[in-house]
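Below you will find the structure I want to go over with you.
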């Protein structure tokens, strides 16, 4: 995203505390504190904790984080975690108290013992308050199991999901259907196992898995082998742009188009993000063929229709205050021609992202309450507004439309799925119908890639503090989306993604951490970054990996096209790579 113009979060998630003289100040940890906690979190009973602002300044946004659940021996309990609601306190006024409810997920993985976890309040990357909470598991149900026998493969590749067999019989020798089983791993961080006995390994070597049904146990040892597979990247060429910051890109046929972002100082002379560049692609460096200027301070997004006939570039921060989008004719792709500028219909707040699907144009508007606008552009010179949508909270950040479904990255409202012609709920582009929503993705839901063949959505969480992660969501049941896996890079937050569906390789733009290539083949579960699934990554070898260091790596978005990977780099323009497996 990068800091959005004209929104409540425009100033890059900084503390909103201001002194009387109007100068912003960092929070004093003694001013924000959790109240003393009484009680415990239980599987059937959430626990409320209170965060108080004892100072005279307003603070926010405040991230609420929960740590591992630990037993008395400080061993992490696999399969159980605390979920805070809300996970973000947008602002905390002087003297005010925020109530955060903690829910226990995966309590069946815990016995009837007392555990502990830590809750942290974080502002602008700094931990300002912590409190320890007690967690109590649940008593194992009385079990008819007299004998328990585990079966599993002798070896498994790291990162592959396997199902363990657990045959249970009662004292008479009859099989016990669906026995209640608790699982344990040795070492405890060797992988992840769910209540159904699905296991994925995080490390190589032997791992001992123990199952318990009542007082009966059995154990089995599995040898974890290396996952294998690596990807190298060769720098093929570069379309250098150092006058302006580069935003998004789109590649079609033999051309690419890149937007521009914000304000870049060039020896004291500001260059605004008001330009769309056109690049001719070839064997080496892309060649700039055109530079179209529009009334904007950020042209955040550019999209091209599937047939390559039209393009749309978004406006934010226009001098005339109208913003909107410019529609372009690509009959001569080297030199786009303006068809017209679409304004009005609430677009004055700014348009952050767009999507073209057939003759329907989906626009994402800046600001809480603005949401989505849908236009019919069958006649590009005379667009017709046909629909709008807002999730009822937070602001909309991005939209992707595929197979008659619109996937909305709705920031703190999470992932929202609309029927816009799929037929699952009778929706149409001019009459969208919400069919599913998943809020519990950590907030700051930024972007999504939908993979219909696998029923998966890869969702980006843009959080510069924790930092954010990529969330894998099972959307095979559109009405009940479920998070099943995550991927993280510890240094910074993700941005935009592109999936090579044939090869099952997800390319992730990761700001200063460059582009990452992730193996998403097979069943996905747990923390993918601990499974040996990252095939490779690329950052510039001749510059520091820092978005604000002049010429450092700062990857906005990747796009795979005809075997080459095109990157929009904020500091340098258009980068062309050749990925190759070895």
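The values are calculated or read from the model by the stated rules, or taken from the named source; none is laboratory data. Every value quoted in this text rests on a predicted model; they were computed, and no experiment measured them. Cβ: placed from backbone, ideal geometry, glycine included. Neighbour counts: every protein chain shown.
Could you check the range 361-386 and list, in sequence order, the residues that are surrounded by fewer than 17 Cβ atoms within 10 Å (Cβ to Cβ) and assigned to a strand (DSSP E or B)?
Scanning the range 361-386 gives 384, 386.
When you go through 13, 82, 92, 47 one by one, which is the residue that is under 27 Å from the mean Cα position of the chain (by Cα), under 29 Å from residue 181 (Cα atoms) and either modelled with pLDDT of 85 or more or surrounded by 17 or more Cβ atoms within 10 Å (Cβ to Cβ) (or both)?
The match here is 82.
How many residues are touching a strand residue (DSSP E or B) at 6+ places or on another chain (Cβ under 8 Å) and either more than 17 Å from residue 568 (Cβ to Cβ) or outside any loop (DSSP other than H, G, I, E, B) (or both) if we restrict to the range 478-502?
Within the range 478-502, the first condition is being touching a strand residue (DSSP E or B) at 6+ places or on another chain (Cβ under 8 Å), and the residues that meet it are 478-489, 492-501.
Still in the running and either more than 17 Å from residue 568 (Cβ to Cβ) or outside any loop (DSSP other than H, G, I, E, B) (or both): 478-489, 497-501.
The total comes to 17.
Now for a separate question. Test each condition in (1) surrounded by fewer than 21 Cβ atoms within 10 Å (Cβ to Cβ); (2) modelled with pLDDT under 95; (3) closer than 14 Å to residue 410 by Cα for residue 466 and report the one that comes out false.
All conditions are met except number (3).
Here's something else I'd like to know. Out of 71, 124, I need the residue that is closer than 23 Å to residue 198 by Cβ and in the same structural domain as residue 44 (by TED's automatic domain parsing). Which one?
Values: 124 fails: closer than 23 Å to residue 198 by Cβ.
Just a single option satisfies the conditions, and that option is 71.
Somewhere in the range 289-300, is a residue within 16 Å of residue 555 (Cα to Cα) and part of a strand (DSSP E or B)? Steps first, please.
First pass over the range 289-300, keeping only residues within 16 Å of residue 555 (Cα to Cα): 300.
Next, only the ones that are part of a strand (DSSP E or B) stay: none.
No; the residues of the range 289-300 include none that is within 16 Å of residue 555 (Cα to Cα) and part of a strand (DSSP E or B).
Sticking with this structure for a sec: Kindly evaluate residue 427 against the criterion of being crowded, with 21+ Cβ neighbours inside 10 Å, more than 30 Å from residue 127 (Cβ to Cβ) and more than 17 Å from the chain's Cα centre (by Cα). First the steps, then the outcome.
Details: crowded, with 21+ Cβ neighbours inside 10 Å: yes; more than 30 Å from residue 127 (Cβ to Cβ): yes; more than 17 Å from the chain's Cα centre (by Cα): yes.
Yes; evaluated as a whole, the condition is true for this residue.
Can you spot a residue in the range 254-265 that is surrounded by fewer than 20 Cβ atoms within 10 Å (Cβ to Cβ) and either free of Cβ contacts under 8 Å to residues at least 24 places away in the same chain or on the phi > 0 side of the Ramachandran plot (or both)? Break it down into steps so the answer makes sense when it comes.
Here is the first cut: in the range 254-265, the residues surrounded by fewer than 20 Cβ atoms within 10 Å (Cβ to Cβ) are 254, 263-265.
Those left that are additionally either free of Cβ contacts under 8 Å to residues at least 24 places away in the same chain or on the phi > 0 side of the Ramachandran plot (or both): 264-265.
Among the residues of the range 254-265, at least one is surrounded by fewer than 20 Cβ atoms within 10 Å (Cβ to Cβ) and either free of Cβ contacts under 8 Å to residues at least 24 places away in the same chain or on the phi > 0 side of the Ramachandran plot (or both), which makes the answer yes.
This table checks each residue for (1) over 14 Å from the mean Cα position of the chain (by Cα); (2) surrounded by 24 or more Cβ atoms within 10 Å (Cβ to Cβ); (3) touching a residue at least 40 places away in the same chain (Cβ under 8 Å).
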{"residue": "489", "(1), (2), (3)": "no, no, yes"}
{"residue": "495", "(1), (2), (3)": "no, yes, yes"}
{"residue": "502", "(1), (2), (3)": "yes, no, no"}
{"residue": "515", "(1), (2), (3)": "yes, yes, yes"}
{"residue": "522", "(1), (2), (3)": "yes, no, yes"}
{"residue": "526", "(1), (2), (3)": "yes, no, yes"}
{"residue": "563", "(1), (2), (3)": "yes, no, no"}
{"residue": "569", "(1), (2), (3)": "yes, yes, yes"}
{"residue": "582", "(1), (2), (3)": "yes, no, yes"}
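Just the residues that are more than 17 Å from residue 148 (Cβ to Cβ) and in a strand (DSSP E or B), please, taken from the range 187-211.
Kept after step one, since they are more than 17 Å from residue 148 (Cβ to Cβ), are these residues of the range 187-211: 187-192, 194, 198, 200-207.
Once the filter is applied, which keeps residues that are more than 17 Å from residue 148 (Cβ to Cβ) and in a strand (DSSP E or B), the range 187-211 yields 191, 192, 198, 200, 201, 205, 206, 207.
Examine the range 227-235 for a residue that is closer than 20 Å to residue 329 by Cβ and either part of a loop (DSSP other than H, G, I, E, B) or over 31 Å from the mean Cα position of the chain (by Cα) (or both), and state whether such a residue exists. Let's see the steps before the verdict.
So in the range 227-235, the residues closer than 20 Å to residue 329 by Cβ come out as none.
No, there is no match, as no residue in the range 227-235 is closer than 20 Å to residue 329 by Cβ and either part of a loop (DSSP other than H, G, I, E, B) or over 31 Å from the mean Cα position of the chain (by Cα) (or both).
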